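We did not get these values from a lab; they are worked out from the coordinates using the rules stated. On a predicted model such as this, the values are computed, not experimentally measured, just so you know. Cβ placement follows ideal geometry from the backbone for every residue including glycine, while neighbour counts extend to all protein chains displayed.
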Amino acid sequence: MRITTKSRFAVAAMVDIALREQNGPVSLKDISKRHQISVSYLEQMFSRLRQHGLVRSTRGPGGGYALGRKPQEISVVDIIHAINGPLRRISAPAKDEQENLTQDLWTRLDARMADYMHSVRLSELVTEQLTKGVQVESRPSKRGVFAKPPVESTRTLAPNSVFALGRTLLPQG
C-alpha cells in the first residue's frame, strides 16, 4: 500500500471538510490557508475525490466542497484509492535469496495496513479531532464577491414634490 504525500493531504482535507460540514460547502482557498497546501494541488486532488463520489461541489459565491457520502461511509482506504488508484499488494517476486527471507513479512505488513485503513472511518477521525479540542470556526453569514453596505434611512426636510414646495411658500395662517 502506497501512502503518498498527496494521499496524506487528501485525508487531512477530507477531515477538514467533515469538521465543517454543518457550515455548508468549504472552499479550497480556506483549506489551502489552514493546511498550507497550494490551491492548484488541492484542485487536482478534489477532481479525483469528486470522480469517486467522495465529495460534491457547489459553484458560485459561497460555494465549495461538501462530503459526497456520510462520514461513517467513507474509509481512509476510499480516500487513498481515489488519489493513488487501486491498492496493490506487495507480491513482486524476490530478486535474490536475501530478499526472499523478508518477502512474507512485507506482504503481511501490507495486508494489515490495508485492513486497518479499511476499518478507519472519516467519522472516527473527526471525533478524534473534536476530542483533542480542535476549534471549528463558524462560517461567515455571507460570502461572496462583495458585501452590501448597510442602508441607513435618511430623513430629509426638503419637500418631495412641487405641491409640497408650494405649500411651504404659502403664508401660514
Q. Shape call for the stretch 6-65 from the C-alpha gyration tensor, a ≥ b ≥ c root eigenvalues: rounded (a/c under 1.5), prolate (a/b greater than b/c) or oblate?
A. rounded
Q | Protection proxy ranking of 113-126, 31-44 - average other beta-carbon atoms within 10 Å, highest first | A | 113-126, 31-44
Q | Protection-proxy order for peptides 57-67, 12-22, each taking the mean of Cβ atoms within 10 Å per residue, highest first | A | 12-22, 57-67
Q. Any idea how far apart L169 and Q103 come out in nm if each label point goes 7 Å out from Cα toward Cβ?
A. 10.8 nm
Q | Residues with amide H under 5 Å from that of V26, placed H, sequence gap 5 or more | A | Y65, A66
